[in-house]
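Every read-out reported here was derived from the displayed coordinates using simple, explicitly stated rules and does not represent laboratory data. Just so it is clear, the model here is predicted, and its values are computed rather than measured. Virtual Cβ from ideal backbone geometry, glycine too; neighbours counted across all protein chains shown.
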């Protein structure tokens, strides 16, 4: 396997001129867009029951009550609780996506954690072989970018907890920044530089 370490000097000048804030904004939006917004409570109008007045208005010596589903009762509605109507989606412009990815790649190159290889392929389909391939880079975790992932390679990498295997179309700035190293096929790298 021929392995080339990409350094800052190997990158186009445009990659080095990107402001880091673009990456921050992209990652913030990416994580916000993944939020499920599933936290939900019912207010007193949504809780079932409580149509009948619990006891007479006067004569009992107690405070007047209109419904057993009021917030002060057990099983009553929740006041100011979270609802799933909240939308956390944040918009990211195409240009900002591109700039964020460029900065994430430039960061990896600056730390000498960007590797270009001829091919990422595990013909045996064994996780052991994939792990040995990963260990050659001497990094904590890695993002492997392969053009057209074949079934054997997918099976080999699938169970490695510190490795992500993706195709070029799935590459984004968050994934590039979240992994300590990037290993990319030569053909994919050439296309990436050409399109940026």
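In the stretch 182-196, is there at least one residue being loosely packed, with under 15 Cβ neighbours inside 10 Å and under 21 Å from the mean Cα position of the chain (by Cα)?
So far as the stretch 182-196 goes, no, none of its residues is loosely packed, with under 15 Cβ neighbours inside 10 Å and under 21 Å from the mean Cα position of the chain (by Cα).
Filter the stretch 91-110 down to residues that are outside any helix (DSSP H, G or I) and loosely packed, with under 13 Cβ neighbours inside 10 Å and give me whichever is nearest to the chain's Cα centre (by Cα).
So, considering only residues that are outside any helix (DSSP H, G or I) and loosely packed, with under 13 Cβ neighbours inside 10 Å, the one nearest to the chain's Cα centre (by Cα) is 91.
How do the pairs read when you match residues in the stretch 126-141 that are touching a residue at least 60 places away in the same chain (Cβ under 8 Å) with residues anywhere that are loosely packed, with under 13 Cβ neighbours inside 10 Å and assigned to a helix (DSSP H, G or I), using Cβ under 6 Å and keeping only pairs 6 or more apart or on different chains?
From residues that are touching a residue at least 60 places away in the same chain (Cβ under 8 Å), there are no pairs.
Specify the residue that is nearest to residue 189 (Cα to Cα); the eligible residues are those in the stretch 146-159 that are assigned to a loop (DSSP other than H, G, I, E, B) and out of contact with any strand residue (DSSP E or B) (no Cβ under 9 Å at 6 or more places or on another chain).
148
Within the stretch 59-66, is even one residue at positive phi and in contact (Cβ under 8 Å) with a residue 12 or more places away in the chain? Spell out how you get there, then give the answer.
First pass over the stretch 59-66, keeping only residues at positive phi: 59, 61.
Going one step further and asking which of them are in contact (Cβ under 8 Å) with a residue 12 or more places away in the chain, we end up with none.
No, every residue in the stretch 59-66 fails to be at positive phi and in contact (Cβ under 8 Å) with a residue 12 or more places away in the chain.
Which residues, counting only those in the stretch 24-46, are surrounded by 12 or more Cβ atoms within 10 Å (Cβ to Cβ), assigned to a loop (DSSP other than H, G, I, E, B) and within 35 Å of the chain's Cα centre (by Cα)?
Scanning the stretch 24-46 gives 35, 37, 40, 41, 42, 43, 46.
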